[in-house]
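The values are calculated or read from the model by the stated rules, or taken from the named source; none is laboratory data. Everything numeric here is computed off the predicted structure, so don't read it as measured data. So basically every Cβ, Gly included, is an ideal-geometry build from the backbone, and we count neighbours across all protein chains shown. We work out accessible area using only protein heavy atoms, side chains counted, and drop any ligands, DNA or RNA first. Shrake-Rupley method; radii C 1.70, N 1.55, O 1.52, S 1.80 Å.
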Amino acid sequence: MKLSVQIGKLKLQNPVMVASGTFGYGAEYAQLLDLNKLGAIVVKGIRLEPVRGNPTPRTVEVASGLINAIGLQGPGVDGFIKKYWPFLKTLKVPTIINIWGTTVEEYAEVARRFDALGGVGALELNVSCPNIKEGGAQFGTDLKLLAQVVAACRKATKLPLITKMSPNVVNIAPFARAAEDAGSDALAVTNSYPAMAIDIETRKPKLANVTGGLTGPCLKPIAVKLVWDAAQAVTMPIIGMGGIQNAADALEFMIAGASAVAVGTANFYEPQTALQVIAGLREFMQKKNINDVRKLSGSVQTGK
Ligand SMILES: Cc1cc2nc3c(=O)[nH]c(=O)nc-3n(C[C@H](O)[C@H](O)[C@H](O)COP(=O)(O)O)c2cc1C
């Protein structure tokens with residue numbers, strides 16, 4: 001039975017990774033599961049300089065989901081290389097580094113630094129963050145900015161580039177095409193959805209940052225549709241995510257058009273979820289006589 005998939009020139013032993021921001025830098029989970037059984041580890045977003053993040057409370061549970069406003073806390077490129085890379089580089093599974101910046105130039109510089117490091121599996125561009133030079137517009141919801149960021153990173157590195165899409169667009173198709181045209185090797189669909197929760201007694205927002213990003217099972221049907229829409233628009237591989245809790249959820253994403261998937265919020269309450277998804281995929285394939293996981297991708301029968 002073949003579980004391996006290809007994301008650009010990056011080969012994964014299986015299509016199940018862990019999503020950025022929900023798995024620290026890998027080491028935090030090393031006692032809880034065998035990291036070498038994963039498809040890949042995607043680390044928390046990193047920009048050039050260290051970031052303290054937002055004041056607390058930074059997370060709040062809602063029905064079937066979580067809203068977070070961590071504020072992209074991170075050690076910066078140097079801090080990551082010093083503190084976290086020595087462990088990650090000993091693993092057999094690839095590390096995908098989620099990167100971001102406040103300008104196009106910063107993205108490119110971070111990409112250059114990780115290209116020079118050697119041994120990195122791929123870069124995932126988190127474009128759901130504001131551009132300080134252009135009045136705070138998000139890179140991922142502005143076609144021109146998105147194309148600029150991807151093209152600048154493409155110039156800066158030969159590493160596979162995964163563009164992590166924002167769900168906060170009317171139609172994902174032109175954004176998916178813009179990323180592909182600018183040199184992205186794959187898409188990650190989707191990032192969190194803008195959201196808010198209020199304490200009715202105090203009438204205060206439940207997050208110190210007022211608003212945050214919604215993730216978890218309530219996001220799944222939205223994310224599956226985004227994957228399906230993106231799969232109609234581009235030929236590059238798509239990594240599907242949003243509320244995956246088990247193999248059935250992962251299969252939905254693959255059948256909609258994803259070549260691989262990522263487990264996010266579920267890692268917080270069941271750190272073994274990604275391994276359970278891998279085992280469940282095998283079981284499903286055996287039962288259905290499918291010898292190659294790639295045959296599942298985009299196999300949805302819409303009747304259209
Ligand atoms: C606490 C938290 C932190 C996150 N941090 C990042 C991040 O740094 N960069 C990024 O691209 N996505 C980040 N995400 C988004 C996830 O990688 C993923 O796209 C999203 O949570 C949807 O998957 P899920 O519903 O399985 O969690 C974060 C999500 C959560 C819950």
Helices (runs of 4 or more DSSP H) completely within the range 233-303 that count 2 or more residues being of a type in the set (D, E, K, R): 247-256, 273-287
In the range 114-128, the residues that are crowded, with 21+ Cβ neighbours inside 10 Å, away from the ligand (no atom under 13 Å from the Cβ) and not hydrophobic (A, V, I, L, M, F, W, C): G121
Criterion (without any contact (Cβ under 8 Å) to a residue 40 or more places away in the chain and of a type in the set (A, V, I, L, M, F, W, C)) met by exactly one of V224, V189: V224
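Residue-wise test of (1) within 12 Å of the ligand (Cβ to nearest atom); (2) not hydrophobic (A, V, I, L, M, F, W, C).
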{"site": "G53", "(1), (2)": "yes, yes"}
{"site": "S64", "(1), (2)": "yes, yes"}
{"site": "I70", "(1), (2)": "yes, no"}
{"site": "F87", "(1), (2)": "no, no"}
{"site": "R112", "(1), (2)": "no, yes"}
{"site": "I132", "(1), (2)": "no, no"}
{"site": "G140", "(1), (2)": "yes, yes"}
{"site": "L145", "(1), (2)": "no, no"}
Long-range neighbours under 7 Å by Cβ, at least six apart or interchain, first residue of a type in the set (V, I, T) within the range 136-153, second assigned to a helix (DSSP H, G or I): V149/V104; V149/Y107; V149/F139; V150/A179
Complete set of residues in the range 121-145 that are in contact with a strand residue (DSSP E or B) (Cβ under 6 Å, 6 or more places away or on another chain) and modelled with pLDDT of 95 or more: G121, A122, L123, E124, L125, N126
Subset of the range 49-90 that is open to solvent by less than 20 Å² (accessible area, probe 1.4 Å) and touching a Pro at 6+ places or on another chain (Cβ under 8 Å) - its residue that is nearest to E28 (Cα to Cα): G74
Residue identified as under 26 Å from S4 (Cα atoms), in contact (Cβ under 8 Å) with a residue 60 or more places away in the chain, under 19 Å from the mean Cα position of the chain (by Cα) and outside any loop (DSSP other than H, G, I, E, B) among I67, I96: I96
For V277: the one exception among (1) within 12 Å of the ligand (Cβ to nearest atom); (2) more than 24 Å from I67 (Cα to Cα): (2)
Breaking point among (1) away from the ligand (no atom under 13 Å from the Cβ); (2) touching a residue at least 24 places away in the same chain (Cβ under 8 Å), for E201: (2)
Where a residue in the range 241-253 is farther than 15 Å from K164 by Cβ and its partner, wherever it lies, is part of a loop (DSSP other than H, G, I, E, B), with Cβ under 6 Å and at least six apart: G243/G216; A250/I244
Selection status of L219, within 10 Å of the ligand (Cβ to nearest atom) and either in a strand (DSSP E or B) or open to solvent by less than 20 Å² (accessible area, probe 1.4 Å) (or both): yes
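What number of residues in the range 143-160 are open to solvent by 20 Å² or more (accessible area, probe 1.4 Å) and among the aliphatic types (A, V, I, L, M)?
Taking the range 143-160 first, the residues open to solvent by 20 Å² or more (accessible area, probe 1.4 Å) are 143-144, 147-148, 151-152, 154-155, 158-159.
Retained after the next criterion (residues that are among the aliphatic types (A, V, I, L, M)): 143, 147, 151-152, 159.
Residues flagged as open to solvent by 20 Å² or more (accessible area, probe 1.4 Å) and among the aliphatic types (A, V, I, L, M) within the range 143-160 amount to 5.
Select from the range 34-51 the residues that are farther than 16 Å from S192 by Cβ and within 9 Å of the ligand (Cβ to nearest atom) and write down the one among them that is farthest from the chain's Cα centre (by Cα). Walk me through it before giving the result.
Residues of the range 34-51 farther than 16 Å from S192 by Cβ: 34-41, 43, 46-51.
Restricting the remaining residues to those that are within 9 Å of the ligand (Cβ to nearest atom) gives 43, 46.
Working: V43: 9, I46: 13 Å.
Ranking the candidates gives I46 first.
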In the range 256-266, the residues that are within 8 Å of the ligand (Cβ to nearest atom), touching a strand residue (DSSP E or B) at 6+ places or on another chain (Cβ under 8 Å) and open to solvent by less than 10 Å² (accessible area, probe 1.4 Å): A262, V263
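Residue-wise test of (1) of a type outside the set (K, R); (2) closer than 15 Å to A19 by Cα; (3) open to solvent by less than 20 Å² (accessible area, probe 1.4 Å).
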{"residue": "T163", "(1), (2), (3)": "yes, yes, yes"}
{"residue": "P174", "(1), (2), (3)": "yes, no, no"}
{"residue": "D181", "(1), (2), (3)": "yes, no, no"}
{"residue": "S184", "(1), (2), (3)": "yes, no, yes"}
{"residue": "V189", "(1), (2), (3)": "yes, yes, yes"}
{"residue": "M196", "(1), (2), (3)": "yes, no, no"}
{"residue": "I200", "(1), (2), (3)": "yes, no, no"}
{"residue": "N209", "(1), (2), (3)": "yes, no, no"}
